[in-house]
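Peer 1: Handing you this structure, nothing more for now.
Just so it is clear, none of the values below were taken in a lab; they were calculated from the coordinates. Worth saying up front: this structure is predicted, and the values here are computed from it rather than measured. In this analysis, Cβ positions are derived from the backbone assuming ideal geometry, glycine residues included, and neighbour counts consider all displayed protein chains.
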Amino acid sequence: MVDDTGENGPVLPSGVTIERINRARDANRVILEKWTSTIVFVLSTEGTMRFNRIRSMIPGMTSTMLTTRLREMEDYGMVTREVYPEVPVRVEYSLTERSMELIPILIQMMEWAEKYYVENRTGRFSDPTRPQFSS
């Protein structure tokens, strides 16, 4: 818990700094982009895969979005892209060790969400301990 009564700003728990919080926030932007965690789970389950195979395993994801996410993930060192000089060219994607380290964290986030939130009629998440009002 943050105590904001310190003379020089917030008093943070031991080892927690504003810089570390900012790095975590920036990492969350990458990790929590739409489809990123899904791609991580698909590749972690299936291993090295070609583009069309990944796309076929994620209903609702367009080719354009998959291309964008895979490029971003490659830029962040989350996936490797292997191009084979064949005709036609064969391209395969696999997770890096960096992404493999995320899997337990993503699982914990899913478990937390399942424990504390339920989907309501609007498609947003709400706290199940709060009263739900009907309209």
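Peer 1: How big is the charge dipole of region 1-116 about its Cα centre, in debye rounded to the nearest 20, if each Lys and Arg gets +1 on its Cβ and each Asp and Glu gets -1 on its Cβ?
Peer 2: It comes to approximately 520 debye.
Peer 1: With each pseudo-label sitting 7 Å past Cα toward Cβ, what's the Met65-Lys34 distance in nm, one decimal?
Peer 2: 0.5 nm
Peer 1: Rg to Rh ratio, region 47-98, alpha-carbon atoms and Kirkwood radius?
Peer 2: Ratio of gyration radius to Kirkwood radius: 0.96.
Peer 1: Taking the Cα-to-Cβ direction at Arg20 and at Arg50 and moving 7 Å from each Cα, how far apart do the two end points lie in nm?
Peer 2: Computed distance between label sites Arg20 and Arg50 equals 4.6 nm.
Peer 1: Using 7 Å Cα-to-Cβ label points, what is the Arg81/Glu97 separation (nm, one decimal)?
Peer 2: The two pseudo-label positions are separated by 2.3 nm.
Peer 1: Compute the distribution of all C-alpha to C-alpha distances in region 1-118, in bins of 5 Å from 0, and list the percent of pairs in each, rounded to whole numbers.
Peer 2: P(r) for region 1-118, in whole percents per bin: 2, 9, 17, 18, 16, 12, 9, 6, 5, 3, 2, 1, 0, 0.
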